[in-house]
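Here the structure comes first, spelled out in structure tokens, and everything after it is commentary.
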Amino acid sequence: MRRGKIVVQRPGYERERLPGDVFILRLHDARSESIEAWYEDCNKLMSRWRPGQRLRYLHDIRAAESVTPRAMDRVVRVLRQMRNTPVTDGHGAIVLNNGL
């Protein structure tokens, strides 16, 4: 049972907002379309971040753990962009199926 609100839903991807402005970005598979939907949404979400904003997010990739060159490129681009965002109180996590 979910307690949050689905704010973005595309084939293979969704973003959920929980109370307290916690975001869950959930990939349901590793298809290119799903990775692109996640990537586009990450960019939209990051474009709204402001200095001093509190940010809590979780990337749930348990259903999409296969590593492809395209997926790695998108993850690297998102991480690079995150380094340049003005949020001073940001915490995130990634949920995996493996022991990492």
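The values are calculated or read from the model by the stated rules, or taken from the named source; none is laboratory data. Keep in mind the model is a prediction, meaning the values are calculated, not measured. Ideal geometry is used to build each Cβ from the backbone, glycine not excepted, and the neighbour counts take in all protein chains shown. These accessible areas exclude ligands, DNA and RNA; they are computed on the full protein's heavy atoms, side chains included. Shrake-Rupley method; radii C 1.70, N 1.55, O 1.52, S 1.80 Å.
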Check your understanding: Picking from Asp29, Asp21, Asp41, which is most flexible by a Gaussian network model of the chain using Cα springs under 10 Å?
Key -> Asp21
Point to revise | Under Karplus coefficients 6.51, -1.76 and 1.60, residue-wise ³J(HN,Hα) of region 77-85 in Hz, glycine/proline x | key: 5, 5, 4, 4, 5, 4, 4, 9, 8
**Study point:** Long-range amide H partners of Ile94 with built H, under 5 Å
**Key:** His59
Check your understanding: For the chain, which span is the longest to avoid every loop-located (per DSSP) member of trypsin sites (Lys or Arg not before Pro) having at most 11 other Cβ atoms inside 10 Å?
Key -> 49-100
**Study point:** Length added when fully stretched, Thr88-Gln53, from 0.36 nm per residue minus Cα-Cα
**Key:** 11.9 nm
Point to revise | Cα-centred dipole magnitude for the chain, charges only on beta-carbon of K, R (+1) and D, E (-1), debye, nearest 20 | key: 320
Revision key, fill the gap. Whole-percent carbon and sulfur contribution to the accessible surface of the chain (1.4 Å, no ligands, DNA or RNA) stands at 53
Review point. For the chain, what proportion of DSSP beta bridges, expressed in % and rounded to the nearest 5, is antiparallel?
Key: 50
Exercise for review: In whole Hz, with x marking every Gly and Pro, tabulate ³J(HN,Hα) for region 13-30 from phi via Karplus 6.51 cos²θ - 1.76 cosθ + 1.60, θ = phi - 60°.
Suggested key: 8, 8, 10, 10, 10, 9, x, x, 6, 9, 10, 10, 9, 10, 8, 9, 6, 9
**Study point:** From the coordinates shown, volume of the Cα convex hull per residue in Å³ corresponds to which of [x] 225; [y] 105; [z] 122
**Key:** [y]
Practice item. Mind checking the per residue accessible area of the chain for me, 1.4 Å probe, whole number of Å²? Key: 64
